[in-house]
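A quick write-up on the structure given underneath.
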Amino acid sequence: MPENVGTVAEGALLWEPSRQLAEGSNMARFMRWLRDERGRDFADYDALWRWSVEDLEGFWTCVWDYFGIISHTPYIQVVGPAPDGKHVEGARWFTGATLNYAEHALRRRDDGIAVIASHESGYREELTFATLAQRVAETAAGLARLGVGKGDAVVGFLPNVPEALIGMLAAASLGAAWSSCPPEFGVTSVIERFVQLRPKVLLAADGYTYAGKRFDSLPAVARIQGGLPTLEHTVVLGYLAKVTGAPGGDINALRNAMPWEALPVAGAPLKFTPVPFEQPLWVLYSSGTTGAPKAIVHCHGGVTVEHHKSHALHLNLGPDDRFFWFTTTGWMMWNYLVSSLLVGSGMVMYDGNPVHPTPDALWKVAAETGITNFGVSAPYILNCMKAGIEPGKAHDLSAMKVVGSTGAPLPPEGMAWVYEHVGRDVLMANVSGGTDTVTAFVMSSPTLPIHAGEMQCRGLGCRVESFDEAGRPVIGEVGELVITQPMPSMPVRFLNDPDGAKLHESYFAVYPDTWRHGDWLKITERGTCVIYGRSDSTLNRSGVRMGTSEFYRVVEEVPEVLDSLVVDTSMLGTEGKLLLFVVLREGAVMDGGLLKRIAARIREELSPRHVPDEAYAIAEVPRTLNGKKLEVPVKKILNGVAPEKAVSRDALGNPKALDYFIELAKQGGAR
């Protein structure tokens, strides 16, 4: 850690907006519009937030009108209860409205720069808003020629490149759903996700590079084709030739495949299919903690209204900005990134290793492309801090106005480092939310100060509370993050969940008609928030979330492995170790050969980022009385929590199995 950062107390004041910034912000403009046009005058953000969660109809009507949401038919009701009378679970939004996300994303069609795509090799390309709109129109016509229409699904096995954006918007313009995975995902992970959509068309790249290494994706594409029985067409992007100069493999080995160049219909006009508010737009995925990844359906209307609010008001984005977030097409932040188009902002896409060829690669891209809103994961910021990087000294970051962070809690020292080594007058947008609502719950505001280790505010229209063990809201204490009022971008449903049982179990089973998110949260007296990490067992490695059940399915296919337990020891602000514990068949030995084979399977079938840091052979996996593995209690024990506080032995089917981990913690191992 750089010496001039040192230890920073949680809550220390790091930054305050200038009067010019605060009054010139989109948030302030919205508040003035509310006063002048709707007769609602709010003294400060806290008063505005309270109105936004107490008068949902009034607030979301104002969002709809302020941003000029395009609806081809009028809405009948802003928000209403579910058919069973529940207020939060299954709430219905803007019933009767018909709209299209892509129509809003492509409203701007001038010669401004809409997309700058950068690759780790230094390759770069740009698209204007006009060019983007035309390429979407031509691609949509091509998809329609392949039989894609309203209610169908198109999936992308693509890097973070313009073609992924174009494919998504083209599908959306037709009323088809979109889902994507990056090409580094293992084939098993991809098939488990995509097969749930019953896709008609697959858009794929022939390969990719990472840290300068070249990877051929066509064998994986062939296996994915074999795992998707509804697939009719595959369109292959020749990406390797573009970024390496050497062409990829022969797509003729694939069935029903065509090159990307054969898809567009030249000169096709831009059209948008009006769809109901709740029409599926994107399918994202849970981490798969309790089974195959849950396919979370997000709708045109919910994303459109929520992302107008979040991007314009909370991130202060507008037509003069360039938005960036380091992400792959498999993380919700990719969806969040592309929604910058809704508010007329340009975006910067990056594909490759964020620290290749140099540790400051992303900061270099930021300087060269004029990024104004720069987003990364919290571990990335901490790694820059530990490496002694000084981006503000090495690069011209004068265009940068906002530095965003999410994916994991960012400690006070990380936030202080941004102000010391990036820029003294940037808004530190330390936010937290989820794939589940494809937005943040706890957000930033250009009208509020920044306190170390804290997030500025709860998002407008999002009634976030912290519940104690008795389900009571608390202030100044750590509790469960819950949402007690409905949000437009809550999931429409899960796929393959006809009665809604899986969705209910995921969010509403703990507190009646209240969303439990699975994070530890403290709301301070001044309304700021502190996230203390996951309250469940999700594995989060460098912003790539994965559930333990996915992990187990791959590891336990290794013949020598009978059972396994995986634990991510990450804590507040620090990425810990990923530890694998395995029960071996009689006669098997945990040697170098077995470790290499396990690591290879995880790398190929799941993700390179989830290869364990250490592996141990154990006698048995500790389980509850009903057979569930004890990832969270074991994590707590390994992080120093007293065993009796981590878990009740009375709840275990094999309490002696904990002894191994208690001893390991005493020895200081696995930390």
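Scanning region 400-430 for residues that are in contact (Cβ under 8 Å) with a residue 60 or more places away in the chain, within 17 Å of residue 315 (Cβ to Cβ), small (Gly, Ala, Ser) and open to solvent by 10 Å² or more (accessible area, probe 1.4 Å) yields a count of 1. Residues that are surrounded by 18 or more Cβ atoms within 10 Å (Cβ to Cβ) number at least 2 in the following helices (runs of 4 or more DSSP H) confined to region 1-94: 26-38, 45-54, 56-66.
Mind listing whichever residues of region 207-228 are surrounded by 14 or more Cβ atoms within 10 Å (Cβ to Cβ), free of Cβ contacts under 8 Å to residues at least 60 places away in the same chain, among the small types (Gly, Ala, Ser) and out of contact with any Ser or Thr (no Cβ under 7 Å at 6 or more places or on another chain)? Once the filter is applied, which keeps residues that are surrounded by 14 or more Cβ atoms within 10 Å (Cβ to Cβ), free of Cβ contacts under 8 Å to residues at least 60 places away in the same chain, among the small types (Gly, Ala, Ser) and out of contact with any Ser or Thr (no Cβ under 7 Å at 6 or more places or on another chain), region 207-228 yields 222, 227.
One residue alone among 504, 517 is open to solvent by less than 20 Å² (accessible area, probe 1.4 Å), of a type outside the set (Asp, Glu) and either free of Cβ contacts under 8 Å to residues at least 40 places away in the same chain or touching an Asp or Glu at 6+ places or on another chain (Cβ under 9 Å) (or both), and that residue is 517.
Let's see how each residue does on (1) part of a loop (DSSP other than H, G, I, E, B); (2) closer than 19 Å to residue 426 by Cβ; (3) small (Gly, Ala, Ser):
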site: 306; (1), (2), (3): no, no, no
site: 313; (1), (2), (3): no, yes, no
site: 317; (1), (2), (3): yes, yes, no
site: 320; (1), (2), (3): yes, yes, no
site: 329; (1), (2), (3): yes, no, no
site: 341; (1), (2), (3): no, no, no
site: 349; (1), (2), (3): no, no, no
site: 355; (1), (2), (3): yes, no, no
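This table checks each residue for (1) within 23 Å of residue 347 (Cα to Cα); (2) at pLDDT 95 or above.
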| position | (1), (2) |
| --- | --- |
| 396 | yes, yes |
| 401 | yes, yes |
| 404 | yes, yes |
| 421 | no, yes |
| 428 | yes, yes |
| 453 | no, no |
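Flag set for residue 478, criterion: open to solvent by 10 Å² or more (accessible area, probe 1.4 Å) and at pLDDT below 95. Scanning region 79-107 for residues that are over 27 Å from the mean Cα position of the chain (by Cα) and of a type in the set (Val, Ile, Thr) turns up just one, 95.
So which residues in region 357-387 are modelled with pLDDT of 90 or more and either part of a loop (DSSP other than H, G, I, E, B) or of a type in the set (Val, Ile, Thr) (or both)? Correct list: 357, 358, 359, 360, 365, 369, 370, 371, 372, 376, 381.
When residue 193 is tested against (1) buried (at least 23 other Cβ atoms within 10 Å of the Cβ); (2) closer than 21 Å to residue 139 by Cα, just one condition goes unmet, and that condition is (2).
Only one of the numbered conditions (1) in contact (Cβ under 8 Å) with a residue 12 or more places away in the chain; (2) on the phi < 0 side of the Ramachandran plot; (3) not acidic (Asp, Glu) is violated by residue 512, and that is (1).
Restricting to region 477-499, what's the tally of residues that are part of a loop (DSSP other than H, G, I, E, B) and under 18 Å from residue 514 (Cα atoms)?
Residues in region 477-499 being part of a loop (DSSP other than H, G, I, E, B) and under 18 Å from residue 514 (Cα atoms): 9 in total.
The values are calculated or read from the model by the stated rules, or taken from the named source; none is laboratory data. In this text the structure is predicted, and so the values were computed from the model without any measurement. Every residue, glycine as well, gets a Cβ built from its backbone with ideal geometry; the counts of neighbours run over all protein chains shown. With ligands, DNA and RNA removed, areas are computed over all heavy atoms of the protein, side chains included. Shrake-Rupley method; radii C 1.70, N 1.55, O 1.52, S 1.80 Å.
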